[in-house]
Amino acid sequence: MTDTLQAIARSLSNDVQTLSTVSHNVANMHTPGYRAVRAIPEFQPDAASAERSFATAIDQRDGALAQTGGELDIALRGEGFLVVERNGQMLLTRAGALRIDSEGRLATVAGDLAMGYAGHLQMPAGKARFGRDGQVFVGDAPVGQLQFVAVGDASRLRPVGKGAYAYDGPLAEWKGSVVQGAVEHANVDAAEETVRLMELTRHAESVQRAISIYDKAMDTGINQIGGN
């Protein structure tokens, strides 16, 4: 019976973890550049019985574009992230609503500094233009090139708030492109999240019934022992 109880407890724990990812996704549906979190099942063949646990990974599919016409708004297409600096730490983001900070540097709305391959991008006065490869121009003069990277292991992306992610895994070549005058919506599909929530609800109800059956079996067994 102990094994049965442990299996039920693990199943409930997995449901709670998956529900947490669904709730987080729904809460960030309107956060520009947000990457949905997915619960990924993992099987452990060396266990006494093939139990299933869950890891989480960031969904790297593109979100829909919102055309803003903003000169400093950019959206990324394809897998990858813009490299930014926050308090000396290099982070990754898809939040492309940029601005110029008080020191004339290109930064995100959250205040993270956009990184080029030669450091921060200092923006002189004038009309900004972004090439599809991330080249930055003010007027006809080149300013630098935004630094983009792709990640080799999305499960090692960790949200750190304000639309940014820490990453400690291998990098890959960025093969995407930049769209100026637009920002990217969160890549959360409301219908998909609703289906996942319904599936979780049905599974949780099944687990509740299993608990009830287990409880009745234990009660019957104890009563029989007591009657002997």
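Numerical summary
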{"quantity": "Scope segment 81-133; condition crowded, with 21+ Cβ neighbours inside 10 Å and part of a loop (DSSP other than H, G, I, E, B); matching residues", "calculated": "ARG94, ALA95, GLY96, ASP112, LEU121, MET123"}
{"quantity": "Odd one out for ALA182, checked against (1) within 30 Å of SER20 (Cβ to Cβ); (2) touching a residue at least 40 places away in the same chain (Cβ under 8 Å)", "calculated": "(1)"}
{"quantity": "Tally, over segment 93-118, of residues that are polar (S, T, N, Q) and in contact (Cβ under 8 Å) with a residue 40 or more places away in the chain", "calculated": "2"}
{"quantity": "Qualifying positions in segment 63-80 - part of a strand (DSSP E or B) and open to solvent by 10 Å² or more (accessible area, probe 1.4 Å)", "calculated": "LEU65, ALA66, GLN67, ASP73, ARG77"}
{"quantity": "Subset of segment 134-162 [hydrophobic (A, V, I, L, M, F, W, C) and more than 17 Å from LYS175 (Cβ to Cβ)]", "calculated": "VAL136, PHE137, VAL138, ALA141, VAL143, LEU157, VAL160"}
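The values are calculated or read from the model by the stated rules, or taken from the named source; none is laboratory data. In this text the structure is predicted, and so the values were computed from the model without any measurement. Heads up, the Cβs are rebuilt from the backbone with ideal geometry, glycines too, and the neighbour counts pull from every protein chain shown. Note: accessible area is taken over every heavy atom of the protein model, side chains too, but ligands, DNA and RNA are not part of it. Shrake-Rupley method; radii C 1.70, N 1.55, O 1.52, S 1.80 Å.
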